[in-house]
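Here it is: the structure, laid out below.
The values are calculated or read from the model by the stated rules, or taken from the named source; none is laboratory data. Every value quoted in this text rests on a predicted model; they were computed, and no experiment measured them. Cβ atoms come from the backbone with ideal geometry, glycine included; neighbour counts cover every protein chain shown. To get the accessible areas, we keep the full protein, side chains included, count just its heavy atoms, and leave off ligands, DNA and RNA. Shrake-Rupley method; radii C 1.70, N 1.55, O 1.52, S 1.80 Å.
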Amino acid sequence: MNARWSSDWVSWGEFSQFWGSVFKWSVPGPQGQTLHVQTTVANGQAHIVVDSVGTDGGLINDATTTALIAGPGTAPGSLAPGATPNGTAPPGLTTVPLIQAAPGRYVADVPANNQGNYLVQISQTTAGQTTPSLQAHGFTVPYSSEFSAQPPSPGLLRDLTAAT
């Protein structure tokens, strides 16, 4: 076996950065709590709900919780930890604060007008916590129902044929 097909890829200048981003995206950092994320989409809005539970099973309250959102067409590597220096979102990304709505529950509504996949990185920090807890999540805004596969309608086809 030789490196005929991969030699150019391995020598690519951003090869290390690419795999670093893949690793950071897929392997969560150290966390002292668990973040459960749910998203519902309706009428151009995504409703994000985060339930935060500590390692002891208790609900996490009074935490600073934010969502970093990459809409359709944004590079996934831009959500890698450390990609947001000084707490500012890179171009094409949106940072949204989540507010506590119930014990251990944080929510936010965000615009979701464009069809496609959205990537969300939830970050939560509690008092005395130096490393934020992170949770990756995603949701999809589907294409209009007129583009969905429909079962054939022989009667409609006959009527169209007769009319033309």
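Of all residues in the stretch 91-110, how many are assigned to a loop (DSSP other than H, G, I, E, B), touching a residue at least 12 places away in the same chain (Cβ under 8 Å) and open to solvent by 20 Å² or more (accessible area, probe 1.4 Å)?
Selection size over the stretch 91-110: 2.
Somewhere in the stretch 125-132, is a residue closer than 30 Å to Tyr106 by Cα, open to solvent by less than 40 Å² (accessible area, probe 1.4 Å) and touching a strand residue (DSSP E or B) at 6+ places or on another chain (Cβ under 6 Å)?
No, because not a single residue in the stretch 125-132 is closer than 30 Å to Tyr106 by Cα, open to solvent by less than 40 Å² (accessible area, probe 1.4 Å) and touching a strand residue (DSSP E or B) at 6+ places or on another chain (Cβ under 6 Å).
For the subset of the stretch 40-65 comprising residues that are of a type in the set (A, V, I, L, M) and either open to solvent by less than 40 Å² (accessible area, probe 1.4 Å) or in contact with a Cys (Cβ under 7 Å, 6 or more places away or on another chain) (or both), which member is nearest to Asn113 (Cα to Cα)?
Among those that are of a type in the set (A, V, I, L, M) and either open to solvent by less than 40 Å² (accessible area, probe 1.4 Å) or in contact with a Cys (Cβ under 7 Å, 6 or more places away or on another chain) (or both), it is Ala46.
Residue by residue through the stretch 111-139, note down the ones that are touching a residue at least 60 places away in the same chain (Cβ under 8 Å) and hydroxyl-bearing (Ser, Thr, Tyr).
Tyr118, Thr125, Thr126, Thr131, Ser133 - these are the residues of the stretch 111-139 that are touching a residue at least 60 places away in the same chain (Cβ under 8 Å) and hydroxyl-bearing (Ser, Thr, Tyr).
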